[in-house]
1. From 332, 319, 349, grab the single residue that is touching a residue at least 12 places away in the same chain (Cβ under 8 Å), closer than 22 Å to residue 412 by Cβ and in contact with a helix residue (DSSP H, G or I) (Cβ under 6 Å, 6 or more places away or on another chain).
2. Check 429, 459 and return the single one that is away from the ligand (no atom under 16 Å from the Cβ), acidic (Asp, Glu) and out of contact with any strand residue (DSSP E or B) (no Cβ under 9 Å at 6 or more places or on another chain).
3. Name the pairs: first residue in segment 90-118 and touching a residue at least 12 places away in the same chain (Cβ under 8 Å) and of a type in the set (Phe, Trp, Tyr), second residue part of a helix (DSSP H, G or I) and more than 16 Å from the ligand (Cβ to nearest atom), Cβ to Cβ under 6 Å, at least 6 apart or on different chains?
4. Looking only at segment 396-408, count every residue that is crowded, with 21+ Cβ neighbours inside 10 Å and either more than 16 Å from the ligand (Cβ to nearest atom) or over 26 Å from residue 216 (Cα atoms) (or both) and tell me the total.
5. Could you grab me the full set of residues in segment 409-431 that are in a loop (DSSP other than H, G, I, E, B) and buried (at least 19 other Cβ atoms within 10 Å of the Cβ)?
6. Being under 21 Å from the mean Cα position of the chain (by Cα), of a type in the set (A, V, I, L, M) and buried (at least 24 other Cβ atoms within 10 Å of the Cβ) is the filter here, so list the residues in segment 490-513 that pass it.
7. What number of residues in segment 435-465 are under 20 Å from the mean Cα position of the chain (by Cα), crowded, with 23+ Cβ neighbours inside 10 Å and either over 25 Å from residue 277 (Cα atoms) or of a type in the set (A, V, I, L, M, F, W, C) (or both)?
8. Restricted to segment 202-214, and to residues that are surrounded by fewer than 21 Cβ atoms within 10 Å (Cβ to Cβ) and not polar (S, T, N, Q), which residue is farthest from the ligand (Cβ to nearest atom)?
Amino acid sequence: MFDILIKGGRIVDGSGNNWYYGDVGIKGDRIVAIGHLEGAEARRVIEAHGLVVSPGFVDIHTHSDLAEFIQPEAKPKVMQGVTTEVIGNCGFSLVPTSDPTWRSFYKQLYFIMGEIPKRWHTLAEYYDDLAKQGISVNVASYIGHGALRAAVMGFENRPPSADEMIQMKRLLAQGLEEGAMGMSTGLIFAPSSFSTTDELVELCEVLAEQGGIYVSHIRGERDTLFQSVEEIIEIGERSGVPVHMSHIEAVDKPNWGKVGQEIQMMEAARARGIDISYDVFPYRGSPIRVFGIIPTWAGKGSLEDVRRRFMDPSTRAVIIEQARPQDWEDIIVAKFAGPRGETWRGRTIAQIAREEGKSPWDLVFDMFIADTSLILTQLHMLSESDVRMAVRHPLGMIASDGSYETEALRHPRLYSAFPEVLGKYVREEGVLRLEEAVRKMTSAPAQRLGLRDIGLIREGMMADITIFDPEAIRSRATYFDPEQYPVGIEYVLVSGQITVEKGKHKGTKAGRILRK
Ligand SMILES: [Zn+2]
């Protein structure tokens, strides 16, 4: 007697192999039988004729750290078929923290996570809280290098002392013991950006000893792209740990077309024995902050330092003179808490600047002065051919990179990264096979993290399963109306519990904490 029997679907098992017809029997939280199960008894039967039965999607790059508490139903993710979220990316994790610096670090996290209502000290404490509350998806986490550095040395822009290095290593080791998958860096974000390659290689010794992956938002995705790829490869080579590049991208028109070469560099590194991979979100547009469009020196220091520079007319003039020209018709306001914030959201900088009778640069600087958490969205930051190549290449995994900005126009990827690939890139454009796309969403990320009981439809695996209509699946989220759930996701099971049924979230909270 099964608890659930999924009948007659096309099984896309997550391995990349061809789909086949089969029934799936579930007992408790596990898949216990696959095959022709006609006549078997079950408490509950799901008819899956015409539907694809796939492992639940593993979103290997998210910024849902705080959202797991505030929105434990994780609706934007579960409704698109995600059953596991990996948090702590880009150097940003809520833990570890230390007494003198946790406030300033949480302030730094504001732009990506919003207001953080309480403080956590360790990953164990954070996980205890999550487990007590219950959650609809599984959660795995990295230790953010930004958090490590802030806990030990605040926002000091210098190499750590020998003693500080020992403390960072100790905190990282503790995080891994408490279940972290590895360490993430965000080498464009303070304080992670203050590190040298040597510091990162030394910290990787802890990952090498205890087992863990080094994951990086690399140091530059524009002019310094190739040096930055070289750096992550060097870190993999010198430390011997597996390395993974977050959200591969070649930003701004002069760099378009470079993703192919980035992947070639990774392939060459793999040929030399360096275990490297990447993930990608399937969109051309991306949120940007002022730091991304001004010269590096002008974005250095604290938010207040940057703000002061913008307030000084002569510094402002120098910044404008040295900055790359921007296409202001392509940049919209996503989050602005200053005056007129509501009415400006979703409109282009060019439009608003015309109305206000200001130059676009002056408008952006004035907005930042009024609200340092200002977020803009550049609609065509990446080239379509780069995105296609990154989505298609076998080294890459699909991720959302979604964050839950509050009072903002969120990026559609939070609601629809996975259906976007399955609808647009698989069905409509034939960029990759369905089986390959599902592999990149399931077994590939699971194996990358060493999670051996999710990511495949096999007997003995956890019953994390997404059932979708391959002919209907499509994203409905757009840059201007992002908070739309996709169509075509029929059922989502987490730990053998039906969490989405006929496209509706049932409020089930069967997610687990996944420890290394
Ligand atoms: Zn990032």
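1. Details: 332 fails: in contact with a helix residue (DSSP H, G or I) (Cβ under 6 Å, 6 or more places away or on another chain); 319 fails: closer than 22 Å to residue 412 by Cβ.
Going through 332, 319, 349 in turn, the sole match is 349.
2. On the way: 459 fails: out of contact with any strand residue (DSSP E or B) (no Cβ under 9 Å at 6 or more places or on another chain).
Of the residues listed, the single one that is away from the ligand (no atom under 16 Å from the Cβ), acidic (Asp, Glu) and out of contact with any strand residue (DSSP E or B) (no Cβ under 9 Å at 6 or more places or on another chain) is 429.
3. The qualifying pairs are 105/150.
4. 1
5. The first filter runs over segment 409-431 and keeps only residues in a loop (DSSP other than H, G, I, E, B), leaving 409-412, 429-431.
Listed by number, the residues that qualify are 409, 410, 411, 412.
6. Quick first cut of segment 490-513, residues under 21 Å from the mean Cα position of the chain (by Cα) only: 492, 494, 511-513.
With the extra rule that they be of a type in the set (A, V, I, L, M), the set shrinks to 492, 494, 513.
Once the filter is applied, which keeps residues that are under 21 Å from the mean Cα position of the chain (by Cα), of a type in the set (A, V, I, L, M) and buried (at least 24 other Cβ atoms within 10 Å of the Cβ), segment 490-513 yields 492, 494.
7. 7
8. Out of the qualifying residues, it is 209.
The values are calculated or read from the model by the stated rules, or taken from the named source; none is laboratory data. This one's a predicted model, so the numbers in the text were calculated from it and none came from an experiment. Cβ coordinates were reconstructed from backbone atoms using ideal geometry, including for glycine residues, and neighbour counts include every protein chain displayed.
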